[in-house]
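Q: The structure is given below, and queries will be raised subsequently.
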Amino acid sequence: MNIVYIHGNRATASSFNFIRSRITGHPEMMLEYDSATGFYRNHENMMDQLDGKEDIFFIAHSLGGIHALHLAHHLGARVAGGVTMSTPYGGSAAANVVACFMPFSQVMKDIRPTGRPIVEAGHMKAPRIWTNIVTVAGASPFMLEPNDGVVTLESMRHRKDISLVDVDCNHFEVVLNEHTIDVIEQSIVEASYAHADLDKVYA
């Protein structure tokens, strides 16, 4: 299994240091990106980096999860599964407001509910082994709906065709949480068995 990590907006691959110290024994790749350059330019760059990779398992945080779903859609059977954390599958309503004050911000345009990456992701079928960790603690006073400090719980629970696991931490703590490790380990095992069975079918 090739583990591919994708960080959240304005973060770096270093945010996965704890998870990487616990999820061992697999080849791994860190996909870096800059939201300011636009979602689709980053997507093309990531696709290039994944050229030739098989048996891919994504571990992604926040906006990285939207990237992971788009990549999984285009890579098809080369993807075994994935775990996303605090990913806003329904987009960010707050981004609509922020975009009015920051019209130059490409990421605000991308992540609002009507943003092209969010809308297109909504029509993409997720791999069979795909989980979003919903971070249920923390809260921003600037958001009226229950949230983890950055993303609303409703947005994280937007998709009904994937597994959802609640974890009692906020948006940033999730990458340091023991329950997160348990979810990832279990999902990797499930994906390994599922992918092995699929290989037998086509053997």
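The values are calculated or read from the model by the stated rules, or taken from the named source; none is laboratory data. Bear in mind that the values here come from a model prediction, so they are computed numbers and not experimental data. Don't worry about glycine lacking a Cβ; one is built from the backbone with ideal geometry, like all the others, and counts go over all protein chains shown. Surface accessibility is based on the protein's heavy atoms, side chains included, excluding ligands, DNA and RNA. Shrake-Rupley method; radii C 1.70, N 1.55, O 1.52, S 1.80 Å.
Q: Would you mention how many residues in the range 2-31 are touching a helix residue (DSSP H, G or I) at 6+ places or on another chain (Cβ under 8 Å) and assigned to a helix (DSSP H, G or I)?
A: The qualifying residues number 5.
Q: Conditions first: (1) assigned to a helix (DSSP H, G or I); (2) at pLDDT 95 or above; (3) open to solvent by 80 Å² or more (accessible area, probe 1.4 Å). Residue 200 passes all but one, so which condition is the exception?
A: So residue 200 meets the others, but not (2).
Q: Checking residue 45 against (1) open to solvent by 40 Å² or more (accessible area, probe 1.4 Å); (2) of a type in the set (S, T, N, Q); (3) closer than 19 Å to residue 185 by Cβ, which test does it fail?
A: So residue 45 meets the others, but not (3).
Q: Give the range 32-54 a look and list any residue that's closer than 19 Å to residue 12 by Cβ and assigned to a helix (DSSP H, G or I), or say none.
A: 35, 36, 37, 39, 41, 42, 43, 45, 46, 49
Q: May I ask you to say which residue of 80, 72 is among the small types (Gly, Ala, Ser) and out of contact with any helix residue (DSSP H, G or I) (no Cβ under 6 Å at 6 or more places or on another chain)?
A: Going through 80, 72 in turn, just one is among the small types (Gly, Ala, Ser) and out of contact with any helix residue (DSSP H, G or I) (no Cβ under 6 Å at 6 or more places or on another chain): 72.
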